[in-house]
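Values in this text are rule-based calculations from the coordinates and carry no lab data. The shown structure was predicted, so the numbers you read here are calculated from the model rather than taken from an experiment. We place every Cβ from the backbone using ideal geometry, glycine too, and count neighbours over all the protein chains shown.
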Amino acid sequence: MDEVRNKTVAFHTLGCKLNYSETSSLSRLLENEGFEKREFDEPADVYVINTCSVTENADKECRYLVRKIQRQAPASLVVITGCYAQLKPAEIAAIPGVDLVLGAAEKFNLAAHLKELSKGDPVKICSCDIEEVDSFNPSWSLNDRTRTFLKVQDGCDYNCSFCTIPMARGRSRSGTIARTVETVRGLTRRGDVKEIVLTGVNLGDFGKGEIREEGAGQRQEDFFGLIKELDRIDGIERYRISSIEPNLLTPEMIEWVAGSRRFMPHFHIPLQSGSNHVLGLMRRRYKRELYAERVQLIKSCMPHCAIGADVIVGHPGETAGHFAETVEFLEGLDVSYLHVFTYSERDGTKALEIRPIVPTAVRVARNKTLRNLSYHKMQSFIRRHEGQTRKVLLEGHVTTSLMEGYTDNYIKVTTPYRAEWANQIIDWKL
């Protein structure tokens, strides 16, 4: 690519909070190289799509976005990175209009690749065997949202039957507690970061396999150690744990969060199924009894705490009876909301070998059932807190007359815009 000064770049993110943190970091890297950032619907010299591949819809959306760019800006460079790029680089390279495909090991070398790229060159694929990916690149979002998403862990050593993430991101790895603390101290010096959401593929695995020097001996670092250190840092008022596996969320951690000054009373704990048989087919590392124990302990320590759960419907082998178990389990569980995912076939996963296959129409119907249940659970959770005064972090949008934010326990608040409230924590009567 020619001299990058005054070149423009636009980003689009598909998927999770982890991807948002990485996109924000990639954006800052290119701005430091002289690029000017544009919105994705504006003209730009380079378009970067950071992809997810958890569901088939994410793949379809990526292809749709490339076609849209081709219609609106056929002379612009198109770069695809992220999980889909690692899993199926050749498939992406075959999409007309794509110029560069960057796998897991190369995404943070984006600037160097752009300097060597011109429109009309043959499609360049920079990927590698995922087993070779062993470096950790910390990343965080800034200015995109009021809350800052901070990636503290990457990769996963679990091999759930439905999931492609280990194939897309590699083995579990993280930075050290000291380096993470240093990053957070840097964010505090900005003065405008009020809340940090800790993100990762498998957060509870933070520090796994990493040996730290400590005097004459050595010690193993873990996620509990990390959050205790972060809680001591002055300048950040709120932390959230984005998602943590139930088997890695220890009773000691729950009891500690209950007494924390800065960690919010809010957990998101993947369940995936309320049937032990289906959990076994999914190769999950817990049973529903352990999940229920964790929820009960959280509520006994923090009755006001919000608890979210991921659930997958239509996994191969899930019968009507198994789904009924899940519905009954969730109805009796004191969780606040559900993120419901419809199972979709993913190449290379063990779930493809499991029978019987659940018909698509049945999957859709089961999804609707759990979404309805989620709505009623959230409404019930909100009603329980009516009349209370809770602290809300508000963010304003200059393009609208409204602003919104979340209470400490994750109840969404919307109110007419007031400039003096933007990015401020306000006492709010629900």
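Side notes on the structure shown:
- Relative intensity of the stretch 112-212 on a log10 scale, I(q)/I(0) at q = 0.20 Å⁻¹, equals -1.04, per a Debye sum over C-alpha point scatterers of equal strength in the absence of solvent.
- log₁₀ of I(q)/I(0) at q = 0.13, 0.19 Å⁻¹ - the stretch 8-128, Debye sum with one point per alpha carbon: -0.42, -0.99
- Pairs of Lys residues in the stretch 8-128, spaced 8 or more positions apart or belonging to different chains, with C-alpha separations under 26 angstrom: 29 in total.
- Using the average count of surrounding beta-carbon atoms within 10 Å as a protection proxy, the listed peptides 21-29, 345-353 rank, highest first, as 21-29, 345-353.
- For the stretch 353-430, the spread of Cα coordinates along the three principal axes comes to 57, 31, 21 Å, biggest extent given first.
- Dimensions of the stretch 257-371 based on its C-alpha atoms, expressed as ranges along the principal axes with the largest first, amount to 47, 27, 21 Å.
- Å³ per residue enclosed by the Cα convex hull of the chain: 163 Å³
- Per-peptide average of other Cβ atoms within 10 Å, ordering 358-365, 9-16, 132-139, 278-285 highest first: 9-16, 278-285, 132-139, 358-365
- Relative contact order (percent, whole number), the chain, Cα cutoff 8 Å, 6+ residue spacing: 10 percent
- Overall Cα dimensions of the stretch 389-429, principal axis frame, Å, largest first: 27, 16, 14
- Comparing Gln272, Gln388, Gln379 in a Gaussian network model of the chain where C-alpha atoms under 10 Å apart are linked, the largest mean-square fluctuation is found at Gln388.
- When peptides 404-412, 116-124, 247-255 are sorted by average Cβ neighbour count within 10 Å, with the highest value leading, the order is 404-412, 247-255, 116-124.
- Convex hull volume of the Cα atoms of the stretch 216-293, normalised per residue: 117 Å³.
- Full-stretch length increase - Ala178, Gln296 - with 0.36 nm per residue and alpha-carbon distance subtracted: 39.2 nm
- Value at 222 nm in deg cm²/dmol, rounded to 500, when DSSP H runs of n ≥ 4 in the chain each add -39,500 (n - 2.57): -10000 deg cm²/dmol
- Relative contact order computed over the stretch 389-429 (Cα-Cα under 8 Å; 6+ residues apart), in percent: 49 percent
- Using distinct alpha-carbon pairs, which all enter the 1/r mean, Kirkwood radius of the stretch 17-79 in Å: 12.7 Å
- Pairs of Cα atoms farther than 17 Å apart, the stretch 257-304, %: 42 percent
- Isolated Cys in the chain, by beta carbon distance under 4.7 Å: Cys16, Cys52, Cys62, Cys83, Cys126, Cys128, Cys156, Cys301, Cys305
- Pairwise centroid distance, computed over Cα atoms, of the stretch 285-333 with the stretch 123-196, Å: 27 Å
- A Gaussian network model of the chain, with springs between Cα atoms under 10 Å, assigns the largest mean-square fluctuation among Arg67, Arg147, Arg190 to Arg190.
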